[in-house]
């Protein structure tokens, strides 16, 4: 019952922030959408910021697990890592308000530290397992690097007024892990051509 209530609260949070944004969503709104008493939110989550982070981590964990489940059991480590990268980057396009809010909260030192809640730990465990299969000598350290790269990629896609298309961001990440462009879910048939730096005079 406790886990079902937590899931309902987190699902309602994502739905409302998708529609209204973080500032336009109140805890009362979330409780009403979840069909629960307002006081239960305070019992399960210590404030709106922590609820938002947990709800986004759950969204990412679910998207990642669902995307990996679509692959055949015999898929290569490269195919699985490619699918994971695409799953996270695609969330920035499918849930821009949620992902912008999440990134803004975790990057603002005045709102508190990065939350390593159970949902984040599940997400991290999947990514670390994929990196271990891929051949990372230190999956924990490499996970921290991949997490930062994925955050940066999402920021690039979502930065208001200076958004980048998904293709060059994905191409850089795939080059880092030596992944063929055709793996995962490519946003276009061919990778973008990499611009050469200007010649030195």
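A few remarks follow.
- Sites residue 133 and residue 107 - FRET efficiency at Förster radius 41 Å, r taken between beta-carbons, to 0.05: 0.85
- Take every Cα pair under 8 Å whose residues are at least 6 apart in sequence, average their separation, divide by the length of the chain, and the relative contact order is 21 percent.
- Counting only alpha carbon atoms, the long axis of helix 118-134 and the longest principal axis of the chain meet at about 20°.
- With the cut-off at under 20 Å, measuring from each backbone N in the stretch 47-72 to a point 7 Å along the Cα-to-Cβ line of residue 182 picks out 71-72.
- Packing-based ranking, highest mean first, of 30-42, 66-78 given that Cβ atoms within 10 Å are counted: 30-42, 66-78
- Reported to the nearest whole Å, the Cα centre-to-centre distance from the stretch 114-145 to the stretch 1-67 is 24.
- Across the chain, the volume of the C-alpha convex hull divided among the residues equals 157 Å³ per residue.
- Degrees separating the helix 166-176 axis from the principal Cα axis of the chain, which is the longest one: 70
- Ascending count of other beta-carbon atoms within 10 Å, so fewest first, for 94, 15: 94, 15
- Between 0 and 90°, nearest 10: helix 48-69 axis offset from the chain longest Cα axis: 50
- Within a Gaussian network of the chain (alpha carbon springs, distance under 10 Å), most fluctuating of 157, 88, 145: 145
- At q = 0.16, 0.22, 0.27 Å⁻¹ the log10 of I(q)/I(0) for the stretch 47-93 amounts to -0.49, -0.74, -0.94, computed by Debye summation with a single uniform scatterer per C-alpha, solvent ignored.
- Length released on extending from residue 42 to residue 163, taking residue separation times 0.36 nm less the Cα-Cα span: 40.0 nm
- Ordering 26, 56 from the fewest to the most neighbouring beta carbons within 10 Å gives 26, 56.
- Label-point separation in nm, residue 140 to residue 26, each point 7 Å along Cα→Cβ: 4.4
All of the numbers you see were taken from the coordinates with simple rules; none came from a lab. Because the structure is a prediction, the values reported are computed rather than measured. We place every Cβ from the backbone using ideal geometry, glycine too, and count neighbours over all the protein chains shown.
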